[in-house]
Structures are given as structure tokens and as C-alpha cells.
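Report on the following structure.
Derivation of every value follows stated rules applied to the coordinates shown; laboratory data play no part. Predicted model, so just to flag it, every value in this text is computed and none were measured. Neighbour counts run over all protein chains shown; Cβ positions are idealised from the backbone, glycine included.
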Amino acid sequence: MSQAVSALAAVTAVLTALALRRSRQTAAQGYLGGARALRAQLPLLLAAFILAGYVEVLLPADLVQAWLGAGAGLRGIVIGGLAGAILPFGPYIVFPMAAAVRATGAGDATLVAFVAGWMLLSTGRIAYEMAAFGPGFTWRRLALFGPAALAAGGLALLLGR
């Protein structure tokens, strides 16, 4: 069992105990709420993990290692940051895809830039942000966060040596 699963199981056990202290009905409601959420998200999760599996088997490992591997340096960081920035998907899709690319040979610095680019620049949020705050705000944020995503990859490269 991974540390993340262990931590989630521990928190779930504590919350179950707290719910049971209130009543069995409260505990049952908590489990039923979780089951409803799982049922709603399961199709997305299945599609995302199948997509990640195809990314892993269809991307040529030698190409990934050459362009995105640990030896790719700045080129891998820029590609990773841009790839993360253009993905409009949520974490259920992005993280399995990133794990698949890592399994194919992408380096940690590239993946840090990828995740930072996705988190800081994601194209899926730009239209909402422009509507809420105006284009000036959005362009200033992108101008600031673009270099930040690349800097995160660069720092990961330096720390990995």
C-alpha cells in the first residue's frame, strides 16, 4: 500500500469513527455519499486510465527519452511546460497521463515543468478568467506564470543533479 493510500485510509478511519460517535446513520450517509461520488466519477476515471495506458504503449520510448528524458535539459523543460499549459483537462486525466509519460522515459524536470505549466497556465481556465477579471489581468498572469513554470522545471533539473 502506498503512503498516499495509507494516509487516506487513516483519515477515512478517523472520520468514520467521528461519524459513528454521532450515529450509525451519519456513518452510513458518509459512505453513501462516497459511493455516489464514485459512481459519478467512475466513467471519467476509467477513460483517463485507459488513455494513460495508450499513451504509455503508443509513445515511442526512444523518442520520449530523447526529447523529454533526464538528458533533454532545457528542451525537455520547455516542451513539458508548453504541453502542460495547453492541456484543458482536470487532474483525473493529467496525472495519469504524466505518469504514463514518466513510465515511458520522461525526466523529472520535464514532468515538474509539465505539472507546473498545467497548474499555472492551463488553457481550460483562460476563457473563465477573462470573463471574470478581464483580458489585461489574464495576460499579466500568463506573463508572470509562464516563466514560473519553466523556472520550476529548471530548479528540478538543478536539484536532481
Seminar exercise, completed: So for region 74-161, using the alpha carbon gyration tensor with a ≥ b ≥ c as root eigenvalues (a/c under 1.5 gives rounded; past that, a/b versus b/c decides prolate or oblate), I'd call it oblate
Seminar exercise, completed: Residues other than ALA109 with Cβ under 15 Å of its Cβ, Lys/Arg counted +1 and Asp/Glu -1, net out at +2
Problem set entry | Between helix 91-104 and the chain: long-axis angle, C-alpha atoms, 0 to 90°, nearest 10 | 50 degrees
For this session: Largest first and in whole Å, give the semi-axes of region 1-64's equivalent ellipsoid, each being the square root of 5 times a Cα gyration tensor eigenvalue.
Result: 37, 16, 5
Seminar exercise, completed: Summing -39500 (n - 2.57) over every DSSP H run of at least 4 residues in the chain and dividing by its residue count gives a helix-only mean residue ellipticity at 222 nm, to the nearest 500 deg cm²/dmol, of -29000 deg cm²/dmol
For this session: Mind jotting down the three principal axis lengths of the chain based on Cα atoms? Whole angstrom, largest first.
Result: 57, 42, 30
Exercise. Taking K and R as +1 and D and E as -1, what net charge do the other residues with C-beta under 14 Å from the C-beta of THR138 add up to?
Worked result: +2
Seminar exercise, completed: Packing-ranked peptide list from 51-60, 125-134, 97-106, highest mean Cβ count within 10 angstrom first, is 97-106, 51-60, 125-134
Seminar exercise, completed: Relative to the chain, whose Cα atoms define the longest principal axis, helix 3-22 and its Cα axis are tilted in degrees, nearest 10, by 30 degrees
